[in-house]
Structures are given as C-alpha cells and as structure tokens.
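The values are calculated or read from the model by the stated rules, or taken from the named source; none is laboratory data. Predicted, not measured: the structure shown is a model, and the values here were computed from it. Note that we place each Cβ from the backbone using ideal geometry, even for glycine, and neighbour counts take in every protein chain shown.
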Amino acid sequence: MNRCRLLIFLFLTLFSASTSLAQTPLFSLATDMNLQRNFKKGQQYWAVGQTVQGQLNFTPKDGLYVWASYFSDGQFSNQLIASAKQPATVPQQISYRNNAQMRFKHLSTGWKKYLAGSCNAEEGFNIYTYAGFGLALGRVINTPSVSIDSTDYLLPVSNGKANFKRLTLDLGLGWEIPLGGDIYLYAEGRTWIPASSYPSKYLFVNKNAPMIGMFNAGVRILFD
C-alpha cells in the first residue's frame, strides 16, 4: 500500500511540474544498448537489451521521458526439494535442480533532470538524473533436472512457462557529451526497484524481486 501511494505521489509531482514549466518544448529521441544484471539472490543472471526513448523538455534542464526496453534471456538455477503429498509415497523427498530462463520487457515514464549542462548544450558535458515509475513484463521458463510427478509431490515452483508483472520505481544517473549537429553520446546507470509483489507460483523468489541494475550507452538526437 505504501508503495502504491508513493507511485501516485510521484505521478502527481511529475504532472504538476510539467504544467508549471510549460513553454516551447524541445523533443529528443534516444536509443542505447544495455547490460543488465539481476542482483536478487536466487535469481542472479546477466542479460543484454536495448532501449528506445522519447524525451520532452519543458525547459533545457527539465522534462518528461518515456522509454521501452527489451532484454535477452537470463539463465540461473536453484537447488530445490519436492516433498511427497502422501506418507506412503517413496521416496518422501526428491532433491533436484530447477534450471530457469527469465527475460523482461520494460515500460517507464518519469522526470529527467539535468544537474549540470542542459538538453541543448553545444559544448562541455552534461550530468543528469532520472526518477519515474514503470511496468516490467516478465517471462520465466522452468525446466527441472529430473522428471517429477506433480500428482505425487509438492513442487516449490511450477514447471513450464509463465508470464508475470511487476510495478517498478525507476532511477538513473547519466553523463552526456555533444558530438555536434544536435547529436549526443551518453552513458548511464539505471535501476528498477520493485514496487509490487504479485507472487507467481513459477518464481522461487518473489519478495522484492527482481533487483535490476543496468549500464547503458547510446545516442540521443535533439529536434529543435
């Protein structure tokens, strides 16, 4: 509940700021390549991805962003135990390894603030930060190392493929330099902080998961 209130507060803050700063806006398109790391214990993996982003600056230092990202599969495994449903079942427990693949698509919107420089700077360098909220669309595929009959045993995670969702608080810090001709080269770090649970029987780790960090590098084009 507290996380939902925080999301509502952030949205109202962004909306209020955008209306108060309204003037002739500057529009940018950006794209970058991502190196993604899930730091959550029990789900740790590496993946790569791409982001496409639109930015609408109401002043040279403040504006809204909207991005869409997609990522490759990340692979991890968990050592699990399946327990028998009936006392007469032999064996009573089966130890096995669950091999999992996970990947995400991510939509985010929020506020971008230039701490140094501006969105239309022609020299020097820029430093900026992000704050927003998003929706992570996840997919997981579970493959057990041995075949286990779910009619006889309780499985810690379900086998097969499933989709799941997470609301996220999105934060980022970036560095940017102008290359000339309204083209900018940037590098930045981002993180998603889970803002909802939505437990899934296909995920062995649900609480505060995933914990995503990314390093991105790309190009922004300013249209003025």
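If you go through the range 141-161 one residue at a time, do you hit one that is without any contact (Cβ under 8 Å) to a residue 40 or more places away in the chain, surrounded by fewer than 18 Cβ atoms within 10 Å (Cβ to Cβ), under 24 Å from Asn34 (Cα atoms) and not basic (Lys, Arg)?
No, every residue in the range 141-161 fails to be without any contact (Cβ under 8 Å) to a residue 40 or more places away in the chain, surrounded by fewer than 18 Cβ atoms within 10 Å (Cβ to Cβ), under 24 Å from Asn34 (Cα atoms) and not basic (Lys, Arg).
Hey, among Gln92, Gln86, which residue is without any contact (Cβ under 8 Å) to a residue 40 or more places away in the chain and more than 26 Å from Asn208 (Cβ to Cβ)?
Step by step, each of Gln92, Gln86 is checked, and only Gln92 is without any contact (Cβ under 8 Å) to a residue 40 or more places away in the chain and more than 26 Å from Asn208 (Cβ to Cβ).
Looking at (1) at pLDDT 95 or above; (2) hydroxyl-bearing (Ser, Thr, Tyr); (3) part of a loop (DSSP other than H, G, I, E, B); (4) loosely packed, with under 15 Cβ neighbours inside 10 Å, which is the one condition that is false for Ser118?
(4)
Return a yes/no flag: does the range 94-110 have any residue that is small (Gly, Ala, Ser), under 16 Å from the mean Cα position of the chain (by Cα) and over 30 Å from Val146 (Cα atoms).
Looking only at the range 94-110, we keep the residues that are small (Gly, Ala, Ser), and these are 95, 100, 108, 110.
Those left that are additionally under 16 Å from the mean Cα position of the chain (by Cα): 108, 110.
Cutting the leftovers down to over 30 Å from Val146 (Cα atoms) gives us 108, 110.
There is at least one residue in the range 94-110 that is small (Gly, Ala, Ser), under 16 Å from the mean Cα position of the chain (by Cα) and over 30 Å from Val146 (Cα atoms).
Among the residues of the range 191-201, is there at least one that is crowded, with 20+ Cβ neighbours inside 10 Å and in contact with a Pro (Cβ under 8 Å, 6 or more places away or on another chain)?
Taking the range 191-201 first, the residues crowded, with 20+ Cβ neighbours inside 10 Å are 192, 194-195.
After this cut, where a residue has to be in contact with a Pro (Cβ under 8 Å, 6 or more places away or on another chain) as well, the list is 192, 194.
For the range 191-201, residues crowded, with 20+ Cβ neighbours inside 10 Å and in contact with a Pro (Cβ under 8 Å, 6 or more places away or on another chain): present.
Is it fair to say Thr168 is out of contact with any His (no Cβ under 7 Å at 6 or more places or on another chain), surrounded by 14 or more Cβ atoms within 10 Å (Cβ to Cβ) and free of Cβ contacts under 8 Å to residues at least 24 places away in the same chain? Walk me through how you get there before you give the answer.
Working: out of contact with any His (no Cβ under 7 Å at 6 or more places or on another chain): yes; surrounded by 14 or more Cβ atoms within 10 Å (Cβ to Cβ): yes; free of Cβ contacts under 8 Å to residues at least 24 places away in the same chain: no.
Criteria not met by Thr168.
Looking only at the range 47-75, how many residues end up being part of a strand (DSSP E or B) and either in contact with a His (Cβ under 9 Å, 6 or more places away or on another chain) or surrounded by fewer than 19 Cβ atoms within 10 Å (Cβ to Cβ) (or both)?
Adding up the residues that qualify gives 17.
Please work out which residue is farthest from the chain's Cα centre (by Cα), limiting yourself to the range 76-85 and to residues that are part of a strand (DSSP E or B), loosely packed, with under 15 Cβ neighbours inside 10 Å and not hydroxyl-bearing (Ser, Thr, Tyr).
Ile81
Consider Asn38 carefully, then state whether it is surrounded by 14 or more Cβ atoms within 10 Å (Cβ to Cβ), of a type outside the set (Ser, Thr, Tyr) and under 25 Å from Asn159 (Cα atoms). Please lay out each step first, then the result.
Values: surrounded by 14 or more Cβ atoms within 10 Å (Cβ to Cβ): yes; of a type outside the set (Ser, Thr, Tyr): yes; under 25 Å from Asn159 (Cα atoms): yes.
For Asn38, the condition - surrounded by 14 or more Cβ atoms within 10 Å (Cβ to Cβ), of a type outside the set (Ser, Thr, Tyr) and under 25 Å from Asn159 (Cα atoms) - is met.
Filtering the range 86-106 down to residues that are among the β-branched types (Val, Ile, Thr) and in a loop (DSSP other than H, G, I, E, B), which residue is surrounded by the fewest Cβ atoms within 10 Å (Cβ to Cβ)?
Ranking the qualifying residues of the range 86-106, first place goes to Val90.
What is the residue count in the range 183-201 for residues that are more than 18 Å from the chain's Cα centre (by Cα) and modelled with pLDDT of 95 or more?
From the range 183-201, those more than 18 Å from the chain's Cα centre (by Cα) are 183-186, 201; that's our starting set.
If we keep only those that are modelled with pLDDT of 95 or more as well, we get 183-186.
Final tally of qualifying residues: 4.
Give the range 202-224 a look and list any residue that's farther than 30 Å from Val157 by Cα and under 21 Å from the mean Cα position of the chain (by Cα), or say none.
Scanning the range 202-224 gives Phe215, Asn216, Ala217, Gly218, Val219, Arg220.
Could you check how many residues of the range 157-199 are touching a Phe, Trp or Tyr at 6+ places or on another chain (Cβ under 7 Å), more than 16 Å from Ser108 (Cβ to Cβ) and among the aliphatic types (A, V, I, L, M)?
So the answer is 4.
I need every pair where a residue in the range 173-201 that is closer than 23 Å to Glu122 by Cβ has its Cβ under 7 Å from the Cβ of a residue that is exposed (fewer than 13 other Cβ atoms within 10 Å of the Cβ) and of a type in the set (Asp, Glu), sequence separation at least 6 or different chains.
Pro178/Glu122; Pro178/Glu123; Asp182/Asp224
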